[in-house]
Amino acid sequence: AAAGAVAAVDLGATSGRVIVGHVGADTLDMTQVARFPNDPVRTSDGLHWNILGLYGAATAGLREAFRVAPEITSIGIDSWAVDYGLLRDGRMLGDPFHYRDERTAAGVDAVHALLPHSELFERNGLQFLPFNTLYQLAAEPSELLNFADTALLIPDLLGFWLTGVARAEVTNASTTGLLRALDRHWDDALIARLGLPRGILPPLIAPGETLGALLPEVAAALGARPDAAVTAIGSHDTASAVVAVPMQADAAAYISCGTWGLVGVEVARPVLTPEALAANFTNEGGVDGRVRLLHNVMGLWVLSEAVRTWERAGHTIDLPTLLDSAEEVSGPIPVFDVNDPRFLAPGDMPGRIDQWFAEHDTTPPRTRAEYARSIVESLAQAFADAALEAGRLGGVDVRTIHIVGGGSLNELLCQRTADRAGMPVLAGPVEATALGNVLVQARAAGIISGSLESLRDLVARTHAPRRFAPRTS
Ligand code: LFR
(Lines give C-alpha, C1' and ligand atoms only; values in the text may rest on other atoms or scores of the structure.)
Protein backbone atom coordinates (compact mmCIF):
# COMPACT_ATOMS: atom_id res chain seq x y z
CA ALA A 1 0.00 0.00 0.00
CA ALA A 2 1.05 3.62 -0.53
CA ALA A 3 2.80 5.36 2.33
CA GLY A 4 4.48 8.69 2.63
CA ALA A 5 5.52 11.58 4.82
CA VAL A 6 4.35 15.19 5.04
CA ALA A 7 5.26 18.11 7.31
CA ALA A 8 2.72 20.04 9.38
CA VAL A 9 3.31 23.46 10.94
CA ASP A 10 0.70 24.05 13.67
CA LEU A 11 0.74 27.38 15.47
CA GLY A 12 -1.40 27.69 18.60
CA ALA A 13 -1.97 30.74 20.77
CA THR A 14 0.62 29.59 23.32
CA SER A 15 2.96 27.32 21.37
CA GLY A 16 3.81 26.14 17.90
CA ARG A 17 5.05 22.81 16.60
CA VAL A 18 6.38 21.16 13.49
CA ILE A 19 5.34 17.58 12.99
CA VAL A 20 6.30 14.92 10.50
CA GLY A 21 3.31 12.74 9.67
CA HIS A 22 3.80 9.25 8.27
CA VAL A 23 0.60 8.12 6.61
CA GLY A 24 -0.53 4.89 5.00
CA ALA A 25 -3.78 3.00 4.59
CA ASP A 26 -3.55 1.82 8.22
CA THR A 27 -0.92 4.12 9.65
CA LEU A 28 -1.08 7.64 11.00
CA ASP A 29 2.11 8.32 12.93
CA MET A 30 3.24 11.69 14.10
CA THR A 31 6.73 12.73 15.13
CA GLN A 32 7.15 16.14 16.66
CA VAL A 33 10.43 17.59 15.41
CA ALA A 34 10.10 21.06 16.94
CA ARG A 35 8.07 22.76 19.62
CA PHE A 36 8.47 26.43 20.51
CA PRO A 37 6.67 28.99 22.67
CA ASN A 38 4.40 31.62 21.19
CA ASP A 39 4.84 34.65 23.41
CA PRO A 40 2.88 37.73 22.30
CA VAL A 41 4.61 41.07 22.76
CA ARG A 42 3.01 44.26 24.03
CA THR A 43 4.40 47.49 22.59
CA SER A 44 3.11 51.02 23.11
CA ASP A 45 0.52 50.57 20.33
CA GLY A 46 -0.90 47.29 21.58
CA LEU A 47 -0.58 43.51 21.78
CA HIS A 48 1.17 41.82 18.84
CA TRP A 49 2.22 38.39 17.68
CA ASN A 50 5.97 37.90 17.30
CA ILE A 51 5.41 36.71 13.76
CA LEU A 52 9.05 36.81 12.65
CA GLY A 53 10.07 34.77 15.69
CA LEU A 54 7.34 32.26 14.86
CA TYR A 55 8.41 32.08 11.21
CA GLY A 56 12.04 31.60 12.27
CA ALA A 57 11.10 28.79 14.65
CA ALA A 58 8.78 27.18 12.09
CA THR A 59 11.46 27.19 9.39
CA ALA A 60 14.04 25.80 11.81
CA GLY A 61 11.53 23.05 12.56
CA LEU A 62 10.97 22.40 8.86
CA ARG A 63 14.73 22.08 8.36
CA GLU A 64 14.69 19.39 11.01
CA ALA A 65 11.68 17.76 9.33
CA PHE A 66 13.54 17.52 6.01
CA ARG A 67 16.60 16.21 7.81
CA VAL A 68 14.72 13.31 9.42
CA ALA A 69 12.42 12.67 6.43
CA PRO A 70 14.08 13.92 3.23
CA GLU A 71 11.33 12.34 1.13
CA ILE A 72 8.80 14.99 2.25
CA THR A 73 7.30 16.92 -0.67
CA SER A 74 4.39 18.65 1.08
CA ILE A 75 4.07 21.20 3.89
CA GLY A 76 0.78 22.35 5.46
CA ILE A 77 0.38 25.33 7.79
CA ASP A 78 -2.41 26.07 10.26
CA SER A 79 -2.88 28.59 13.04
CA TRP A 80 -5.54 30.46 15.00
CA ALA A 81 -7.91 32.48 12.84
CA VAL A 82 -8.86 36.13 12.16
CA ASP A 83 -5.45 37.84 12.50
CA TYR A 84 -3.49 39.10 9.51
CA GLY A 85 -0.47 40.95 8.23
CA LEU A 86 -0.69 43.83 5.76
CA LEU A 87 1.83 44.01 2.94
CA ARG A 88 2.86 46.28 0.14
CA ASP A 89 5.12 44.99 -2.63
CA GLY A 90 5.74 41.91 -0.52
CA ARG A 91 6.91 43.88 2.49
CA MET A 92 5.04 43.58 5.79
CA LEU A 93 3.69 46.87 7.16
CA GLY A 94 4.03 46.50 10.92
CA ASP A 95 3.55 43.51 13.18
CA PRO A 96 0.21 41.67 13.19
CA PHE A 97 -2.01 42.46 16.15
CA HIS A 98 -3.18 39.79 18.58
CA TYR A 99 -6.94 39.26 18.54
CA ARG A 100 -6.98 39.92 22.29
CA ASP A 101 -5.76 43.48 21.70
CA GLU A 102 -8.38 45.95 22.91
CA ARG A 103 -8.32 48.22 19.86
CA THR A 104 -11.06 46.24 18.08
CA ALA A 105 -13.83 47.93 20.11
CA ALA A 106 -13.63 51.00 17.84
CA GLY A 107 -13.95 48.74 14.80
CA VAL A 108 -17.06 47.08 16.22
CA ASP A 109 -18.73 50.47 16.67
CA ALA A 110 -17.74 51.59 13.18
CA VAL A 111 -19.08 48.43 11.51
CA HIS A 112 -22.29 48.25 13.54
CA ALA A 113 -23.02 51.90 12.71
CA LEU A 114 -23.29 50.71 9.10
CA LEU A 115 -24.78 47.23 9.61
CA PRO A 116 -26.24 45.59 12.71
CA HIS A 117 -24.93 42.17 13.73
CA SER A 118 -28.17 40.50 12.60
CA GLU A 119 -27.66 41.71 9.04
CA LEU A 120 -24.02 40.65 9.03
CA PHE A 121 -25.03 37.22 10.29
CA GLU A 122 -27.47 36.74 7.41
CA ARG A 123 -24.60 37.26 4.99
CA ASN A 124 -21.48 35.85 6.67
CA GLY A 125 -23.08 33.42 9.14
CA LEU A 126 -20.61 34.32 11.91
CA GLN A 127 -21.17 34.63 15.64
CA PHE A 128 -20.35 38.02 17.06
CA LEU A 129 -16.78 38.06 18.34
CA PRO A 130 -15.28 41.52 18.78
CA PHE A 131 -12.08 40.45 17.02
CA ASN A 132 -13.54 39.09 13.78
CA THR A 133 -11.27 40.34 10.99
CA LEU A 134 -13.79 42.80 9.61
CA TYR A 135 -13.81 44.69 12.93
CA GLN A 136 -10.01 44.65 13.06
CA LEU A 137 -9.78 46.02 9.51
CA ALA A 138 -12.34 48.69 10.38
CA ALA A 139 -10.07 49.74 13.28
CA GLU A 140 -7.03 50.23 11.01
CA PRO A 141 -6.09 53.76 9.94
CA SER A 142 -7.52 54.16 6.43
CA GLU A 143 -4.18 55.53 5.15
CA LEU A 144 -2.56 52.24 6.11
CA LEU A 145 -5.28 50.11 4.51
CA ASN A 146 -5.10 52.14 1.32
CA PHE A 147 -1.31 51.96 1.24
CA ALA A 148 -1.34 48.17 1.62
CA ASP A 149 -1.81 46.00 -1.46
CA THR A 150 -2.40 42.67 0.31
CA ALA A 151 -3.83 41.36 3.59
CA LEU A 152 -2.82 37.81 4.52
CA LEU A 153 -4.13 35.71 7.39
CA ILE A 154 -1.35 34.21 9.54
CA PRO A 155 -0.97 30.79 7.80
CA ASP A 156 -1.32 32.46 4.40
CA LEU A 157 1.41 34.92 5.40
CA LEU A 158 3.79 32.10 6.28
CA GLY A 159 2.84 30.30 3.07
CA PHE A 160 3.59 33.47 1.12
CA TRP A 161 7.04 33.75 2.66
CA LEU A 162 7.74 30.13 1.72
CA THR A 163 6.36 30.20 -1.84
CA GLY A 164 5.89 33.80 -2.97
CA VAL A 165 2.22 33.01 -3.65
CA ALA A 166 -0.45 35.14 -1.93
CA ARG A 167 -3.79 33.35 -1.42
CA ALA A 168 -6.56 33.21 1.17
CA GLU A 169 -7.30 29.66 2.29
CA VAL A 170 -11.06 29.41 2.46
CA THR A 171 -11.71 27.82 5.90
CA ASN A 172 -9.71 30.55 7.58
CA ALA A 173 -11.05 33.25 5.26
CA SER A 174 -14.52 32.26 6.50
CA THR A 175 -13.57 33.74 9.90
CA THR A 176 -12.94 37.20 8.44
CA GLY A 177 -16.65 37.97 8.16
CA LEU A 178 -16.08 39.04 4.58
CA LEU A 179 -17.03 35.75 2.88
CA ARG A 180 -20.60 34.89 1.98
CA ALA A 181 -21.76 31.98 4.12
CA LEU A 182 -23.77 30.44 1.31
CA ASP A 183 -21.21 30.19 -1.48
CA ARG A 184 -17.93 31.08 0.30
CA HIS A 185 -16.84 33.82 -2.07
CA TRP A 186 -15.66 37.26 -1.04
CA ASP A 187 -18.74 39.38 -0.41
CA ASP A 188 -17.89 42.31 -2.66
CA ALA A 189 -21.07 44.20 -1.80
CA LEU A 190 -20.40 43.93 1.93
CA ILE A 191 -16.75 44.89 1.53
CA ALA A 192 -17.79 47.98 -0.44
CA ARG A 193 -20.46 48.89 2.10
CA LEU A 194 -17.86 48.76 4.89
CA GLY A 195 -15.53 50.96 2.83
CA LEU A 196 -12.77 48.34 2.88
CA PRO A 197 -10.37 48.08 -0.08
CA ARG A 198 -11.39 44.94 -2.00
CA GLY A 199 -8.00 44.80 -3.71
CA ILE A 200 -6.12 43.72 -0.58
CA LEU A 201 -8.04 40.42 -0.40
CA PRO A 202 -6.23 37.74 -2.41
CA PRO A 203 -7.83 34.99 -4.49
CA LEU A 204 -9.21 32.09 -2.46
CA ILE A 205 -7.67 28.61 -2.34
CA ALA A 206 -9.31 25.43 -1.05
CA PRO A 207 -7.80 22.69 1.16
CA GLY A 208 -6.11 20.10 -1.02
CA GLU A 209 -4.98 22.56 -3.67
CA THR A 210 -1.29 23.34 -4.10
CA LEU A 211 -0.36 26.83 -2.93
CA GLY A 212 2.97 26.71 -4.71
CA ALA A 213 6.45 25.22 -4.81
CA LEU A 214 8.96 26.45 -2.25
CA LEU A 215 10.96 29.40 -3.54
CA PRO A 216 14.33 27.98 -4.70
CA GLU A 217 16.27 29.87 -2.02
CA VAL A 218 13.79 28.67 0.63
CA ALA A 219 14.07 25.05 -0.51
CA ALA A 220 17.86 25.33 -0.36
CA ALA A 221 17.80 26.92 3.11
CA LEU A 222 15.45 24.21 4.42
CA GLY A 223 17.34 21.35 2.82
CA ALA A 224 14.15 20.43 0.97
CA ARG A 225 13.74 18.62 -2.31
CA PRO A 226 13.39 21.12 -5.16
CA ASP A 227 9.87 19.82 -5.87
CA ALA A 228 8.65 20.38 -2.30
CA ALA A 229 5.51 22.54 -2.13
CA VAL A 230 3.09 24.08 0.31
CA THR A 231 -0.33 22.40 0.18
CA ALA A 232 -3.44 24.25 1.30
CA ILE A 233 -5.10 22.47 4.22
CA GLY A 234 -7.79 23.59 6.65
CA SER A 235 -5.49 26.40 7.72
CA HIS A 236 -7.87 27.53 10.44
CA ASP A 237 -6.65 25.30 13.28
CA THR A 238 -10.22 24.49 14.29
CA ALA A 239 -11.05 23.34 10.74
CA SER A 240 -8.10 20.94 10.81
CA ALA A 241 -9.03 19.74 14.30
CA VAL A 242 -12.58 18.92 13.18
CA VAL A 243 -11.22 16.82 10.30
CA ALA A 244 -9.50 14.58 12.86
CA VAL A 245 -12.38 14.15 15.32
CA PRO A 246 -13.06 10.39 15.26
CA MET A 247 -16.80 11.02 15.26
CA GLN A 248 -19.94 10.01 13.52
CA ALA A 249 -20.93 13.52 12.48
CA ASP A 250 -24.68 12.79 12.37
CA ALA A 251 -24.78 11.74 16.03
CA ALA A 252 -22.05 13.66 17.81
CA ALA A 253 -20.89 17.08 18.93
CA TYR A 254 -17.23 18.00 19.16
CA ILE A 255 -15.22 20.27 21.41
CA SER A 256 -11.84 21.38 20.12
CA CYS A 257 -10.40 22.41 23.45
CA GLY A 258 -7.21 24.40 23.77
CA THR A 259 -6.97 28.06 24.61
CA TRP A 260 -10.55 28.19 23.28
CA GLY A 261 -13.24 25.57 23.50
CA LEU A 262 -14.86 25.40 20.10
CA VAL A 263 -18.11 23.53 20.62
CA GLY A 264 -20.32 22.45 17.76
CA VAL A 265 -21.52 20.02 15.17
CA GLU A 266 -20.70 19.50 11.52
CA VAL A 267 -23.48 20.21 9.05
CA ALA A 268 -23.81 20.29 5.27
CA ARG A 269 -25.24 23.79 4.93
CA PRO A 270 -25.02 27.00 6.96
CA VAL A 271 -27.70 27.42 9.64
CA LEU A 272 -28.75 31.06 9.39
CA THR A 273 -31.90 30.85 11.49
CA PRO A 274 -33.02 33.41 14.10
CA GLU A 275 -32.33 30.73 16.72
CA ALA A 276 -28.70 30.39 15.60
CA LEU A 277 -28.36 34.17 15.61
CA ALA A 278 -29.85 34.42 19.11
CA ALA A 279 -27.57 31.65 20.43
CA ASN A 280 -24.58 33.45 18.85
CA PHE A 281 -23.50 30.41 16.87
CA THR A 282 -21.13 30.58 13.94
CA ASN A 283 -21.04 28.87 10.55
CA GLU A 284 -17.36 28.55 9.77
CA GLY A 285 -16.10 26.92 6.62
CA GLY A 286 -14.91 23.35 6.98
CA VAL A 287 -12.77 21.12 4.83
CA ASP A 288 -14.63 19.58 1.84
CA GLY A 289 -17.23 22.34 1.99
CA ARG A 290 -18.63 21.16 5.32
CA VAL A 291 -19.92 23.73 7.79
CA ARG A 292 -18.66 24.03 11.35
CA LEU A 293 -21.72 25.16 13.30
CA LEU A 294 -20.12 26.08 16.58
CA HIS A 295 -19.79 28.49 19.46
CA ASN A 296 -16.58 29.89 20.97
CA VAL A 297 -16.44 29.03 24.66
CA MET A 298 -13.68 30.84 26.56
CA GLY A 299 -11.71 27.59 27.05
CA LEU A 300 -8.55 26.73 29.00
CA TRP A 301 -7.54 30.36 28.66
CA VAL A 302 -9.52 31.05 31.85
CA LEU A 303 -7.45 28.50 33.76
CA SER A 304 -4.08 29.36 32.23
CA GLU A 305 -4.62 33.09 32.76
CA ALA A 306 -5.55 32.42 36.42
CA VAL A 307 -2.34 30.40 36.78
CA ARG A 308 -0.38 33.25 35.20
CA THR A 309 -1.91 35.69 37.69
CA TRP A 310 -0.84 33.54 40.64
CA GLU A 311 2.62 33.08 39.16
CA ARG A 312 3.02 36.83 38.74
CA ALA A 313 2.21 37.09 42.46
CA GLY A 314 5.19 34.82 43.17
CA HIS A 315 3.52 31.42 43.50
CA THR A 316 4.88 28.34 41.78
CA ILE A 317 2.05 26.41 40.17
CA ASP A 318 2.20 22.85 38.92
CA LEU A 319 -0.91 22.32 36.81
CA PRO A 320 -1.39 18.56 37.41
CA THR A 321 -1.05 19.11 41.18
CA LEU A 322 -3.49 22.01 41.04
CA LEU A 323 -6.03 19.89 39.13
CA ASP A 324 -5.62 17.00 41.60
CA SER A 325 -6.39 19.30 44.49
CA ALA A 326 -9.29 20.80 42.51
CA GLU A 327 -10.77 17.33 42.22
CA GLU A 328 -10.58 16.93 46.03
CA VAL A 329 -12.65 20.06 46.70
CA SER A 330 -15.95 19.13 48.31
CA GLY A 331 -19.11 21.05 49.07
CA PRO A 332 -20.99 23.37 46.76
CA ILE A 333 -18.90 24.73 43.91
CA PRO A 334 -19.95 28.07 42.44
CA VAL A 335 -20.33 28.21 38.66
CA PHE A 336 -19.86 31.38 36.61
CA ASP A 337 -20.48 32.31 32.99
CA VAL A 338 -17.11 31.70 31.34
CA ASN A 339 -18.44 33.39 28.19
CA ASP A 340 -18.75 36.79 29.85
CA PRO A 341 -16.69 39.15 27.64
CA ARG A 342 -14.84 40.47 30.69
CA PHE A 343 -12.71 37.30 30.64
CA LEU A 344 -11.40 37.85 27.10
CA ALA A 345 -8.48 40.21 27.73
CA PRO A 346 -5.21 39.22 29.43
CA GLY A 347 -4.89 40.15 33.10
CA ASP A 348 -6.08 39.32 36.61
CA MET A 349 -8.41 36.33 36.11
CA PRO A 350 -9.22 35.46 39.77
CA GLY A 351 -10.07 39.14 40.34
CA ARG A 352 -12.51 39.16 37.44
CA ILE A 353 -14.07 35.90 38.64
CA ASP A 354 -14.57 37.50 42.10
CA GLN A 355 -16.16 40.49 40.45
CA TRP A 356 -18.54 38.23 38.49
CA PHE A 357 -19.60 36.39 41.66
CA ALA A 358 -20.02 39.67 43.57
CA GLU A 359 -22.38 40.91 40.86
CA HIS A 360 -24.30 37.64 41.14
CA ASP A 361 -24.49 37.59 44.95
CA THR A 362 -22.50 34.37 45.12
CA THR A 363 -19.70 33.53 47.51
CA PRO A 364 -16.51 33.30 45.44
CA PRO A 365 -13.92 30.50 45.77
CA ARG A 366 -11.19 31.04 48.36
CA THR A 367 -8.26 28.72 47.71
CA ARG A 368 -6.47 28.18 44.41
CA ALA A 369 -7.86 24.64 44.33
CA GLU A 370 -11.38 26.05 44.71
CA TYR A 371 -10.81 28.55 41.91
CA ALA A 372 -9.47 25.82 39.64
CA ARG A 373 -12.47 23.61 40.44
CA SER A 374 -14.89 26.46 39.85
CA ILE A 375 -13.25 27.19 36.49
CA VAL A 376 -13.39 23.54 35.42
CA GLU A 377 -17.03 23.18 36.51
CA SER A 378 -17.94 26.40 34.73
CA LEU A 379 -16.20 25.29 31.55
CA ALA A 380 -17.86 21.87 31.72
CA GLN A 381 -21.26 23.50 32.10
CA ALA A 382 -20.66 25.85 29.16
CA PHE A 383 -19.38 22.92 27.08
CA ALA A 384 -22.41 20.76 27.88
CA ASP A 385 -24.85 23.60 27.17
CA ALA A 386 -23.21 24.53 23.86
CA ALA A 387 -22.95 20.91 22.68
CA LEU A 388 -26.66 20.31 23.27
CA GLU A 389 -27.55 23.67 21.74
CA ALA A 390 -25.43 22.90 18.67
CA GLY A 391 -27.36 19.67 18.18
CA ARG A 392 -30.71 21.45 18.44
CA LEU A 393 -29.68 24.24 16.06
CA GLY A 394 -28.09 21.93 13.51
CA GLY A 395 -30.66 19.15 13.65
CA VAL A 396 -28.06 16.65 14.86
CA ASP A 397 -29.17 14.00 17.35
CA VAL A 398 -26.16 14.38 19.67
CA ARG A 399 -25.49 11.20 21.64
CA THR A 400 -21.75 11.54 22.20
CA ILE A 401 -19.44 14.47 22.80
CA HIS A 402 -15.89 14.29 21.49
CA ILE A 403 -13.20 16.39 23.12
CA VAL A 404 -9.97 16.82 21.15
CA GLY A 405 -6.92 19.02 21.69
CA GLY A 406 -5.07 19.81 24.92
CA GLY A 407 -8.28 19.79 26.95
CA SER A 408 -8.75 16.09 26.20
CA LEU A 409 -5.90 15.42 28.68
CA ASN A 410 -7.80 17.19 31.47
CA GLU A 411 -9.63 14.22 32.98
CA LEU A 412 -11.65 16.27 35.44
CA LEU A 413 -12.91 18.49 32.63
CA CYS A 414 -13.82 15.50 30.45
CA GLN A 415 -15.62 13.72 33.29
CA ARG A 416 -17.54 16.78 34.43
CA THR A 417 -18.57 17.60 30.86
CA ALA A 418 -19.94 14.05 30.53
CA ASP A 419 -21.73 14.38 33.89
CA ARG A 420 -23.24 17.76 33.11
CA ALA A 421 -24.30 16.77 29.58
CA GLY A 422 -25.58 13.36 30.67
CA MET A 423 -23.81 11.56 27.84
CA PRO A 424 -20.46 9.94 27.20
CA VAL A 425 -17.41 12.02 26.39
CA LEU A 426 -14.82 10.51 24.06
CA ALA A 427 -11.47 12.20 24.68
CA GLY A 428 -8.66 12.50 22.15
CA PRO A 429 -6.67 12.72 20.05
CA VAL A 430 -4.75 15.49 21.77
CA GLU A 431 -3.01 16.51 18.53
CA ALA A 432 -6.18 16.60 16.43
CA THR A 433 -5.21 19.84 14.68
CA ALA A 434 -1.87 18.52 13.45
CA LEU A 435 -3.53 15.23 12.48
CA GLY A 436 -6.14 17.04 10.39
CA ASN A 437 -3.39 19.06 8.75
CA VAL A 438 -1.42 15.87 7.95
CA LEU A 439 -4.48 13.94 6.71
CA VAL A 440 -5.57 16.56 4.20
CA GLN A 441 -2.04 16.80 2.84
CA ALA A 442 -1.74 13.02 2.60
CA ARG A 443 -4.99 12.86 0.68
CA ALA A 444 -3.89 15.64 -1.68
CA ALA A 445 -0.64 13.75 -2.29
CA GLY A 446 -2.60 10.59 -3.15
CA ILE A 447 -1.17 8.65 -0.17
CA ILE A 448 -4.74 8.02 1.07
CA SER A 449 -8.10 8.74 -0.50
CA GLY A 450 -11.71 9.17 0.46
CA SER A 451 -14.19 11.36 2.27
CA LEU A 452 -13.78 12.97 5.68
CA GLU A 453 -15.58 9.90 7.02
CA SER A 454 -12.78 7.62 5.88
CA LEU A 455 -10.14 10.01 7.25
CA ARG A 456 -11.94 9.97 10.62
CA ASP A 457 -12.12 6.23 10.45
CA LEU A 458 -8.33 6.11 10.11
CA VAL A 459 -8.01 8.38 13.16
CA ALA A 460 -10.38 6.15 15.16
CA ARG A 461 -8.36 3.04 14.24
CA THR A 462 -4.98 4.58 15.04
CA HIS A 463 -5.84 6.97 17.91
CA ALA A 464 -8.65 5.33 19.86
CA PRO A 465 -10.31 7.89 22.15
CA ARG A 466 -10.74 7.40 25.88
CA ARG A 467 -14.33 7.10 27.14
CA PHE A 468 -15.79 8.99 30.13
CA ALA A 469 -19.23 7.66 31.02
CA PRO A 470 -21.64 10.16 32.61
CA ARG A 471 -22.07 9.77 36.36
CA THR A 472 -25.30 10.67 38.10
CA SER A 473 -25.05 12.17 41.55
C1 LFR B 1 -8.70 28.53 18.12
C2 LFR B 1 -9.15 29.69 17.26
C3 LFR B 1 -10.64 29.83 17.24
C4 LFR B 1 -10.78 31.27 16.88
C5 LFR B 1 -9.74 31.87 17.77
C6 LFR B 1 -9.20 33.19 17.36
O7 LFR B 1 -7.31 28.45 18.15
O8 LFR B 1 -8.68 29.56 15.95
O9 LFR B 1 -11.30 28.96 16.34
O10 LFR B 1 -12.05 31.81 17.10
O11 LFR B 1 -8.68 30.91 17.79
O12 LFR B 1 -8.56 33.13 16.14
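For the condition at pLDDT 95 or above, away from the ligand (no atom under 16 Å from the Cβ), of a type in the set (D, E) and over 24 Å from G428 (Cα atoms), D324 does not qualify. Listed by first and then second residue, the pairs linking a residue in the stretch 232-253 that is of a type in the set (D, E, K, R) to a residue that is within 16 Å of the ligand (Cβ to nearest atom), with Cβ atoms under 7 Å apart and 6 or more places separating them unless they lie on different chains, are D237/D10; D237/G12; D237/D78; D237/S79; D237/W80; D237/T433.
Considering the stretch 11-30, and only residues there that are of a type outside the set (G, A, S) and under 12 Å from T433 (Cβ atoms), the residue that is farthest from the ligand (Cβ to nearest atom) turns out to be M30. Please specify each residue of the stretch 358-376 satisfying the condition of being under 24 Å from T259 (Cα atoms) and not in a loop (DSSP other than H, G, I, E, B). Selection gives R368, A369, E370, Y371, A372, R373, S374, I375, V376. Each residue in the stretch 67-94 was checked for being under 21 Å from L153 (Cβ atoms), at pLDDT 95 or above and either touching a Leu at 6+ places or on another chain (Cβ under 8 Å) or away from the ligand (no atom under 16 Å from the Cβ) (or both), and 19 of them qualify.
The stretch 192-304 holds helices (runs of 4 or more DSSP H) entirely within its bounds, and those carrying 2 or more residues that are closer than 20 Å to V6 by Cβ map to 216-222, 237-243.
Taking (1) in contact with a Leu (Cβ under 6 Å, 6 or more places away or on another chain); (2) surrounded by 18 or more Cβ atoms within 10 Å (Cβ to Cβ) in turn, T171 satisfies each apart from (1). Within the stretch 239-269, restricting attention to residues that are hydroxyl-bearing (S, T, Y) and over 23 Å from D397 (Cβ atoms), the residue that is surrounded by the most Cβ atoms within 10 Å (Cβ to Cβ) is S240. Scanning the stretch 464-473 for residues that are in contact with a helix residue (DSSP H, G or I) (Cβ under 7 Å, 6 or more places away or on another chain) and in a loop (DSSP other than H, G, I, E, B) yields A469, P470, R471.
When the stretch 197-218 is filtered for residues that are of a type in the set (A, V, I, L, M, F, W, C) and within 30 Å of A139 (Cα to Cα), the ones remaining, listed by number, are I200, L201, L204, I205, A206, L211. The condition of being loosely packed, with under 15 Cβ neighbours inside 10 Å, more than 15 Å from the ligand (Cβ to nearest atom) and modelled with pLDDT under 95 holds for A106.
Picking from residues in the stretch 1-28 that are part of a loop (DSSP other than H, G, I, E, B) and not aliphatic (A, V, I, L, M), the one that is surrounded by the fewest Cβ atoms within 10 Å (Cβ to Cβ) is D26.
Highlighted here are the helices (runs of 4 or more DSSP H) found entirely within the stretch 38-157 that include at least 3 residues which are more than 26 Å from T238 (Cβ to Cβ): 51-68, 104-114, 142-147. Answer yes if at least one residue in the stretch 230-251 is away from the ligand (no atom under 16 Å from the Cβ), in contact with a Leu (Cβ under 7 Å, 6 or more places away or on another chain) and farther than 30 Å from I72 by Cα, and no otherwise. Among the residues of the stretch 230-251, not one is away from the ligand (no atom under 16 Å from the Cβ), in contact with a Leu (Cβ under 7 Å, 6 or more places away or on another chain) and farther than 30 Å from I72 by Cα, which makes the answer no.
The values are calculated or read from the model by the stated rules, or taken from the named source; none is laboratory data. On a predicted model such as this, the values are computed, not experimentally measured, just so you know. Neighbour counts run over all protein chains shown; Cβ positions are idealised from the backbone, glycine included.
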